Amino acid sequence: MTAEAMEAGPLPGAVPGTSPEPPHGTAADGGRPLRVALLTYKGNPFCGGQGVYVRHLSRELVRLGHRVEVIGAQPYPVLDEGDDLRGLGLTELPSLDLYRSPDPFRTPKRDEYRDWIDALEVATMWTGGFPEPVTFSLRARRHLRARRGEFDVVHDNQTLGYGLLGDLGAPLVTTIHHPITVDRRLELDAAPDWKRRASVRRWYAFTRMQKRVARRLPSVVTVSGTSRQEIVDHLGVRQDRINVVHIGADTDLFSPDPSVAEVPGRIVTTSSADVPLKGLVHLVEALAKVRTENPAAHLVVVGKRAEDGPVAAAIERYGLGGAVDFVKGITDEELVDLVRSAQIACVPSLYEGFSLPAAEAMATGTPLLATTGGAIPEVAGADGETCLAVPPGDAEALAAGLNRLLGDPALRVRLGAAGRERVLSKFTWARAAEGTVAQYREAMARSAGRGSSGRSAAPGPGRSAAQQDPGLTPAPKNPAATPGPEKPAPPPAPGRTTPEPPVMAPTPEGSRTPC
């Protein structure tokens, strides 16, 4: 156990610093149970899709008979509990938590610094970059090397940091939900001036590292066929290294409940207010058009309200202050009841690598209006059969779809029932866990065939990954050690300003309640 790691939920019988006993018996697929290290550099299930993925996948992996230790940084994962989940635990691997509320972009006190990785984290933040993928990967590498032999497989949830190249002591499987380069392109397209574009480019500088790392990964899992092609096109990963394992909805939680009253005119969406990829501004414009025919139509946005920006401007321009509400920090149960109460669930995104909000809304039996951006059609199904589908970025088409659903109760009932059946047959977390275990076993078999302990392909001959990408801060040659001076250089003088980042730190798609 490394010094900075804290076991928040130790596995039964585990003693810090020693290898736990392998799980006994037979797993659901007939093979031996596996010991899985599941890495996530952001894990809060109420703030980004990474936490949703980790929470539900870890639970279902344990129910299949495996032992899962989630290793994560702030915001820490919230894992399910129960007598059937005694093989699930959490190890906290803390960062400096530079983006925490209520003091994001803070300057740490001198006694908070532990080593050179902390200094790198602060320096990257000060210069307008996003350090968490690289710094978490370096801490995770050190932690995993100190616990060599304790895991059968390491599963990285889209960190894609330099620290995960090389020998981690077990084969590596990496989930890439979708390339963050897609988010970068959309934010650059929406930037109003050169200053904002420069800020966006700096913030997303870590995507160059992610490209370098992704190309060297032996086993990549993604959540849709669309994401698979995007990973090939944007990251240069060979197609034969990528396998699609669809994720899903918690169909026990997200289920129909006739006792929840339907609110006339209610439209629900999940969106970050001014993240261009989510397309909320187009839905607001559509709502203004719909209200000329359906005055009761109103929108509830699960997400944070932006006080300025395109969405706030659109709400003011169309006089929708009383027709658009934002809710944030609600419980799972409150979220489900909110979706159940809506006459329409809407996904207006320009692009999604999967779209958990679409799957979850369909699972409740609420009729779905969604765009055809990215992988949304893979989830939502055919137009007129399991949803209504419209082109992305088209407010007129969104308005027409909303008016059609609001005016046709029979269509709403038919689409809602068909949508739930589609999710039950294709998109559940139990199916996702089964597919993921199959990828674990394939990675282990390949590693055994190489006579290696899961060593990922290294950078080109004679060159480090950072040397191949001079735009990023190079990682020291041996991150398992703690090189450099015991204390980092002092922070800059008070009053130093940090370049303004984009609205929110990028996360894999599927965010249910965005930051």
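Answer yes or no: is there a residue in the stretch 178-195 that is surrounded by 15 or more Cβ atoms within 10 Å (Cβ to Cβ), at pLDDT 95 or above and farther than 30 Å from Gly419 by Cα.
No, there is no match, as no residue in the stretch 178-195 is surrounded by 15 or more Cβ atoms within 10 Å (Cβ to Cβ), at pLDDT 95 or above and farther than 30 Å from Gly419 by Cα.
Give the residue that is farthest from Pro264 (Cα to Cα), with candidates limited to residues of the stretch 291-323 that are within 33 Å of the chain's Cα centre (by Cα) and of a type in the set (D, E, K, R).
Result: Asp308.
Lys195 is checked against (1) in contact (Cβ under 8 Å) with a residue 40 or more places away in the chain; (2) part of a helix (DSSP H, G or I); (3) over 20 Å from Gly72 (Cβ atoms) and fails just one. What number does that condition carry?
That leaves (1) as the condition not met.
What tally of residues in the stretch 104-124 results from selecting those that are closer than 13 Å to Thr135 by Cα and in a helix (DSSP H, G or I)?
Total meeting the criteria: 9.
Of all residues being charged (D, E, K, R) and more than 19 Å from the chain's Cα centre (by Cα) in the stretch 52-69, which is farthest from Gly82 (Cα to Cα)? Just the residue, please. Before the answer, list the steps.
As a first pass, look at the stretch 52-69 and keep what is charged (D, E, K, R): 55, 59-60, 63, 67, 69.
Next, only the ones that are more than 19 Å from the chain's Cα centre (by Cα) stay: 63, 67.
Working: Arg63: 11, Arg67: 14 Å.
Top of the filtered list is Arg67.
Would a scan of the stretch 96-109 turn up a residue that is modelled with pLDDT under 95 and within 23 Å of His177 (Cα to Cα)?
Checking the stretch 96-109: at least one residue is modelled with pLDDT under 95 and within 23 Å of His177 (Cα to Cα).
Of the conditions (1) touching a strand residue (DSSP E or B) at 6+ places or on another chain (Cβ under 9 Å); (2) of a type in the set (Gly, Ala, Ser); (3) within 23 Å of Thr251 (Cβ to Cβ); (4) at pLDDT 95 or above, Gly65 satisfies every one except a single condition; which number is it?
Checking Gly65 against (1) touching a strand residue (DSSP E or B) at 6+ places or on another chain (Cβ under 9 Å); (2) of a type in the set (Gly, Ala, Ser); (3) within 23 Å of Thr251 (Cβ to Cβ); (4) at pLDDT 95 or above, the one that fails is (1).
Could you say whether any residue in the stretch 203-214 is touching a residue at least 24 places away in the same chain (Cβ under 8 Å) and part of a loop (DSSP other than H, G, I, E, B)? Give the steps one after another, and end with the answer.
Within the stretch 203-214, the first condition is being touching a residue at least 24 places away in the same chain (Cβ under 8 Å), and the residues that meet it are 203-214.
Right, trim to part of a loop (DSSP other than H, G, I, E, B) and you get 204-205.
So far as the stretch 203-214 goes, yes, one or more of its residues are touching a residue at least 24 places away in the same chain (Cβ under 8 Å) and part of a loop (DSSP other than H, G, I, E, B).
Say we look at the stretch 166-177 and pick out the residues that are out of contact with any Lys or Arg (no Cβ under 6 Å at 6 or more places or on another chain) and in a loop (DSSP other than H, G, I, E, B); which of these is surrounded by the fewest Cβ atoms within 10 Å (Cβ to Cβ)?
Going through the stretch 166-177, the residues out of contact with any Lys or Arg (no Cβ under 6 Å at 6 or more places or on another chain) turn out to be 166, 168, 170-177.
Checking the rest, the ones that are also in a loop (DSSP other than H, G, I, E, B) come to 166, 168, 170-171, 176-177.
Details: Gly166: 19, Leu168: 26, Ala170: 26, Pro171: 27, Ile176: 27, His177: 26.
The selected residue is Gly166.
Regarding Lys289, is this residue under 20 Å from Tyr351 (Cβ atoms) and of a type in the set (Lys, Arg)?
Values: under 20 Å from Tyr351 (Cβ atoms): no; of a type in the set (Lys, Arg): yes.
Considered against the rule, which asks whether it is under 20 Å from Tyr351 (Cβ atoms) and of a type in the set (Lys, Arg), Lys289 comes out as no.
If the requirement is being at pLDDT below 95, among the hydrophobic types (A, V, I, L, M, F, W, C) and within 18 Å of Val336 (Cα to Cα), which of these qualifies: Ala273, Ala261, Ala249? Quick ask: steps written out before the conclusion?
Numbers: Ala273 fails: within 18 Å of Val336 (Cα to Cα); Ala261 fails: at pLDDT below 95.
One residue alone meets the criteria, Ala249.
State all residues of the stretch 366-378 that are out of contact with any strand residue (DSSP E or B) (no Cβ under 9 Å at 6 or more places or on another chain) and crowded, with 24+ Cβ neighbours inside 10 Å; if no residue qualifies, say none.
Residues of the stretch 366-378 that are out of contact with any strand residue (DSSP E or B) (no Cβ under 9 Å at 6 or more places or on another chain), as a first pass: 374-375, 378.
Hits for the stretch 366-378 are Gly374, Ala375.
Take the stretch 46-95 and flag every residue that is without any contact (Cβ under 8 Å) to a residue 60 or more places away in the chain, part of a loop (DSSP other than H, G, I, E, B) and among the hydroxyl-bearing types (Ser, Thr, Tyr). Explain how you work it out, then say what you get.
Residues of the stretch 46-95 without any contact (Cβ under 8 Å) to a residue 60 or more places away in the chain: 51, 55, 58, 62, 65, 67-68, 70, 72, 74-75, 77-78, 80-85, 95.
Still in the running and part of a loop (DSSP other than H, G, I, E, B): 65, 74-75, 77-78, 80-82, 95.
If the condition is that a residue be without any contact (Cβ under 8 Å) to a residue 60 or more places away in the chain, part of a loop (DSSP other than H, G, I, E, B) and among the hydroxyl-bearing types (Ser, Thr, Tyr), then Ser95 is the only one that fits.
Going by what's in this entry, would Gly279 be described as modelled with pLDDT under 95, buried (at least 23 other Cβ atoms within 10 Å of the Cβ) and more than 23 Å from Thr207 (Cβ to Cβ)?
On the way: modelled with pLDDT under 95: yes; buried (at least 23 other Cβ atoms within 10 Å of the Cβ): yes; more than 23 Å from Thr207 (Cβ to Cβ): no.
No: the conditions fail for Gly279.
Could you figure out which of (1) under 30 Å from Arg202 (Cβ atoms); (2) without any contact (Cβ under 8 Å) to a residue 60 or more places away in the chain; (3) crowded, with 19+ Cβ neighbours inside 10 Å; (4) among the small types (Gly, Ala, Ser) isn't true of Ala140?
Ala140 satisfies all of (1) under 30 Å from Arg202 (Cβ atoms); (2) without any contact (Cβ under 8 Å) to a residue 60 or more places away in the chain; (3) crowded, with 19+ Cβ neighbours inside 10 Å; (4) among the small types (Gly, Ala, Ser) except (2).
The values are calculated or read from the model by the stated rules, or taken from the named source; none is laboratory data. Please read all numbers here as calculations on a predicted model, not as lab measurements. With ideal geometry, Cβ positions are generated from the backbone for all residues, glycine too; neighbour counts draw on all protein chains shown.
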